[in-house]
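The block underneath contains the structure these notes are about, expressed in structure tokens.
The values are calculated or read from the model by the stated rules, or taken from the named source; none is laboratory data. Keep in mind that this is a model prediction, so the values were computed, not measured. Note that we place each Cβ from the backbone using ideal geometry, even for glycine, and neighbour counts take in every protein chain shown.
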Amino acid sequence: MKNLWEKYGKGEEKEKVMNFCEEYKLFLSKCKTERECVAFAIEMAEKKGFQNLADLIEKKKKLKAGDKVYAVNMDKSVMLFVVGEQPIEKGINIVGAHIDSPRLDLKAKPFYESQGFCMIDTHYYGGIKKYQWIAQPLALHGVVFRKDGSKVSICLGEDDDCGSFVITDLLPHLDKDDKKDVKGEDLNLIAGNVPAQEEKENKFKKFVLELLKQFNIEEDDFFSAEIEVVPSGKARDCGLDRSMILGYGHDDRVCAYANLMAMLEVEKPKHSVLSLLVDKEEIGSVGATGMHSKFFENTIAEIMELCGQYTELGLRRALNNSNMISSDVTAGVDPNYVSPYNVETDAHLARGISFNKFTGARGKSGANDANPEFIAQLRDCLDKAEVAYQATEMGKVDQGGGGTIAYIMAKYGMNVIDAGVPVLNMHAPWEVVSKVDVYETYRAYKAFFGMEIKPY
Ligand code: MN
Ligand code: MN
């Protein structure tokens, strides 16, 4: 296996990788919530001529081959679709990523006082190591809805115009055991230390709420809010060679971005193509905006209807005949922690997009196990496009494992395989990817979108 910088290390090729990753860094720095990712995807899609499916349904517009549409689900997941020349029931080439990342969410009643501080109470989301979220600058991103339905978008703690937030750690002098046993209930942000002048009770909390009046919101409005606590600051280059990117939320926004960029370049495909960017993967793909929801198949039905192709049986055939790459990150072998890995069979940074034939844990439990017939065709497709890929697992057999949205899509009978970017430090506030893998993953998705759909 060769390090991909041997291919991309200089000249025009290097420039392409670096330019692609500069744009990715801007996206990652700005889009730290599902809603921010969806807004970004819509903006990019509209520039490329994608139309809002809801508008088309409203106006009873017809769709034809080459037309581009997008469908939004509660502002937290989005689907992009380009109509192919072949009937949709012949199958769709689908790439699906998730745009939610591990973080802390604000509670519905987040503000309280302690020891002369205004504090903000959180409830963590997804699989985190809790100690990693303390003693570093944090920001609040999200939305608040007032009772009249009006929305306020919040982004606090990123710039100098507002202070950042922090969950403090105990100084070593008072923490002789240093067990790092942080409880979920102890993940509380420091939000202020100035009392409101005229008040007798809760004056520290009231002063912070006074400041929030600039947004015309009050304490009760946080019940109808979705505010996420995320690391403050921009994605940045990592390493003296600047070969990697250190950023929050590579899992799975790196695959989401590569997926989106590949999709935006699709023109007049033979088979229909679809990009899925979904929410709630980190907590089991549940709820109205997760992959388990009916949004995906309902939207395919709507698109088939506008194409004059909808029947119940046609929809089932379309889903059954589709191919899918579940575009999610995998664990790269970490030089600091080699023992949980099998270095022969696990993913390495800078060796290209990483395919997990199966995921699951301890005897493949819960896995989608991709069909070798499908994989053989994929290998041929990627080799022809000169895409570098690795066939990997995630950790030693009895050690590792994980899940993605793959098994949920596989239940329709389609061919599904997991493939994405290897990551170091996954689920930590700052994760690491290699720039060549980001670029190669985008190239892989692009090749896949043009792949022939064969019945197996
Ligand atoms: Mn993931
Ligand atoms: Mn994850």
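General observations
- If only residues of the stretch 110-129 that are away from ligand 2 (no atom under 16 Å from the Cβ) and not in a strand (DSSP E or B) are counted, the one that is nearest to F207 (Cα to Cα) is G116.
- Flag: A391 matches the condition of being more than 15 Å from S327 (Cβ to Cβ), assigned to a strand (DSSP E or B) and in the same structural domain as G91 (by TED's automatic domain parsing).
- The one condition from (1) away from ligand 1 (no atom under 16 Å from the Cβ); (2) outside any loop (DSSP other than H, G, I, E, B) that V397 does not meet is (2).
- Helices (runs of 4 or more DSSP H) completely within the stretch 238-349 that count 1 or more residues being among the β-branched types (V, I, T): 250-264, 295-306
- Some residue of the stretch 94-107 being away from ligand 2 (no atom under 16 Å from the Cβ), in the same structural domain as E297 (by TED's automatic domain parsing), closer than 22 Å to K446 by Cβ and not in a loop (DSSP other than H, G, I, E, B): yes
- Cβ-Cβ distances below 6 Å connect no pair with a first residue in the stretch 119-148 that is more than 22 Å from M74 (Cβ to Cβ) and in contact (Cβ under 8 Å) with a residue 60 or more places away in the chain, a second residue that is of a type in the set (S, T, Y) and within 16 Å of ligand 1 (Cβ to nearest atom), and a separation of six or more residues or different chains.
- Top-ranked residue in the stretch 246-274 [being farther than 26 Å from V229 by Cβ and of a type in the set (D, E, K, R); ranked as nearest to ligand 2 (Cβ to nearest atom)]: E265
- Residue in the stretch 114-135 that is farthest from S101 (Cα to Cα), counting only those that are surrounded by 14 or more Cβ atoms within 10 Å (Cβ to Cβ) and touching a Ser or Thr at 6+ places or on another chain (Cβ under 8 Å): I134
- In the stretch 207-222 there is at least one residue matching the filter, namely being under 32 Å from the mean Cα position of the chain (by Cα), assigned to a loop (DSSP other than H, G, I, E, B) and under 23 Å from K32 (Cα atoms).
- In the stretch 1-44, the residues that are over 23 Å from I353 (Cβ atoms) and in a helix (DSSP H, G or I): S29, K30, E34, R35, E36, V38, A39, I42, E43
- Filter result for L319 (within 16 Å of ligand 2 (Cβ to nearest atom) and buried (at least 19 other Cβ atoms within 10 Å of the Cβ)): no
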